[in-house]
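Heads up, the thing below is written out as structure tokens.
The values are calculated or read from the model by the stated rules, or taken from the named source; none is laboratory data. Source: prediction; values computed, not measured. We place every Cβ from the backbone using ideal geometry, glycine too, and count neighbours over all the protein chains shown. Only protein heavy atoms, including side chains, enter the accessible area calculation; ligands, DNA and RNA are left aside. Shrake-Rupley method; radii C 1.70, N 1.55, O 1.52, S 1.80 Å.
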Amino acid sequence: MSRLGRNKVLKQRILTALLLVPLVLLLVLVADTRWFALVVGIVVVLGGWEWSRMAGLTSIGIRSLYATSIVLLLGLCFLFLPSVWITLIILLTAVWWLIAMLLILAVQRRWFEIPRSSTVKAIVGLIVLIPAWLSLVLLHDAGSDQGRRLVLVLFVLIWAADIAAYFVGKRWGKTTLASTISPGKTWEGAIGGMLASAGIAYGLTFITYMQQYGSIMFIIVILVTIPASIIGDLFESLMKRSANLKDSGNILPGHGGVLDRIDSLTAAGPVFLAGLWLTGLIK
């Protein structure tokens, strides 16, 4: 892409972000958890529609059936909130993202190839999307004000990591993070993103007067969550590459599809929530 083209895309990304961020903040801070679950659910279903394309489901009817199955699963999960089974799903999903990291490494080293089966890819999509929605809804519902703050903190940290990774990578990036999967991502950018988020997290511990144990545990959770967000991003890139797609869709100008915007959250959400649970920061 030419420099002019890159500048145009960057302007589109900034304009789209300026329009979406206030809406997201309003949803997180003002909406009741039921409305929050509904709106995020719509986003996840749109992501499922895009995933069906990456999975190789070409028939409109089959893709519609796949999106409908996600709607039904979200509704079923909502009926069982909260329960020990839902907690188990979140914890197992956090483990899944560790497996996904190993898969990414194996593909990068050319030890493994993504299965061509559309069925397998479709099932993986459910594993990626459903727990992501669950984690955000559970976070939002973790106490009226605390839950909203936690969701906002997660979003801000992910946004900060993405922005820092982009500009640090563009300025100093030399060593590719996963050249066969996403050549544009670099180790320098990833480290820049982690440092930016860790710095914000550290500042939050002072602003909220968090006790020493809580501060240490919170920063540790963040230092695990941000790498998970990178894994989520890389995994979606891997799925797009296996489907020979540049973007998951084109619904968001300058950003591609819905999945291109929530890929980091698909992994960061469950890992963040599991980390908060395991450290006792929330019940």
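Taking every C-alpha pair closer than 8 Å and separated by at least 6 residues, the mean separation divided by the residue count of the chain gives a relative contact order of 25 percent. Probing with 1.4 Å while keeping every protein chain in the model, the per residue accessible area of the chain equals 53 Å². Qualifying trypsin sites (Lys or Arg not before Pro) in segment 137-211, where qualification requires a DSSP coil assignment and no more than 13 other C-beta atoms within 10 Å, comprise K174. Give the residue from G192, G203, I282 lying farthest towards the positive end of the charge dipole for the chain; charges sit on Cβ (+1 for Lys and Arg, -1 for Asp and Glu) and the dipole is referred to the Cα centre. In the chain, that residue is G192. For segment 180-283, chymotrypsin sites (Phe, Trp or Tyr not before Pro) are listed when DSSP marks them as loop and at most 11 other Cβ atoms sit within 10 Å of their Cβ; the list is Y209.
Summarise the long-distance tail of P(r) for the chain by giving the % of C-alpha pairs beyond 25 Å. When every Cα pair of the chain is considered, 46 percent fall beyond 25 Å. Report note on the peptides 76-84, 26-34, 92-100: ranked by the mean count of other C-beta atoms within 10 Å, highest first, their order is 92-100, 26-34, 76-84.
The aspartates and glutamates whose alpha-carbon is closer than 12 Å to the alpha-carbon of K240, local same-chain residues fewer than 8 away aside, are E50, D260, D263. Per-atom-type breakdown for the chain gives carbon and sulfur 70% of the accessible area (1.4 Å probe, protein chains only).
3J(HN,Hα) couplings calculated from phi for segment 166-180 with the Karplus curve 6.51 cos²θ - 1.76 cosθ + 1.60 (θ = phi - 60°) are, in sequence order, 5, 6, 5, x, 5, 8, 10, x, 10, 9, 5, 7, 8, 4, 7 Hz; Gly and Pro show x. Rounded if a/c is under 1.5, else prolate if a/b is larger than b/c, else oblate: which is segment 132-210, with a ≥ b ≥ c the root eigenvalues of its Cα gyration tensor? Oblate, because a/c is 1.5 or more while a/b does not exceed b/c.
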